[in-house]
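Structure, as structure tokens:
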Amino acid sequence: MNIFFLTLIVFLIIYFFLTWFAKSSSKKIYSFLRKSIIYIAIIFALIIAATGKYIFSLPFLLGVLPLIKTKAGITLLQLLRLWGFLRILKNSGRFNFGNPGSSLNSQPISRDEAYKILNLDPNKKYNKEDIQKSYKKIMKKIHPDLNPELNRLAAIVNESKEIVLKDII
């Protein structure tokens, strides 16, 4: 729709509302506002009931999380990086999401996997401080003190850090 017509419609609605408001008594205005709030609440409740499965879905959550001021201060970019980290672990068989206490693969983590888990490039040279910085950034999000169910995940990150530190020596 043309922006001119849209602006014209908005101004006409505002004009008619203000003229009605100026000519009406306070009882009529109070009654109108009260009924409007009730109707809007009912319509909103119906919308939530009908679309609840979509509103509380993962894409909606990912879109809204950066807007919410959380104690951890997680942003959408950090959430996507954490999701990528979990995907790497799931694809490698290091973390079984069906049984949190078990792992599909009990072999040690390879050098390349360790670098991927710590979000580092295996072809670059890193010093101990760079590795610690990357490790701490990940552990802030998945530390077992924040969520005890993440013990296995934290152990994998710890093992990855040790492998990468041994690689630079």
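Bear in mind that the values in this text are calculations on the coordinates, not laboratory data. These numbers come from a predicted model, not from an experiment. Neighbour counts run over all protein chains shown; Cβ positions are idealised from the backbone, glycine included.
Under 25 Å Cα to Cα from LYS35, which lysines show up? Leave out anything in the same chain fewer than 8 places away. Filter leaves LYS23, LYS27.
Under 28 Å between alpha carbons, and skipping anything fewer than 8 positions from LYS124 in its own chain: which lysines qualify? Answer for LYS124, where 28 Å is the Cα cut-off: LYS90, LYS116, LYS133, LYS136, LYS137, LYS140, LYS141, LYS161, LYS166, listed by chain and number. Taking each residue as 0.36 nm, the span from LYS28 to ILE169 lengthens on full extension beyond its C-alpha to C-alpha distance by 42.7 nm.
The Cβ shell under 13 Å around ASN123 holds other residues with a net charge of +1, Lys and Arg each +1, Asp and Glu each -1. Most tightly packed first, judged by the mean number of other beta-carbon atoms within 10 Å of their residues, the peptides 142-151, 22-31 read 142-151, 22-31. Based on the alpha-carbon gyration tensor of region 3-56 and its eigenvalue square roots a ≥ b ≥ c, which shape applies: rounded if a/c is under 1.5, prolate if not and a/b is larger than b/c, or oblate? Oblate.
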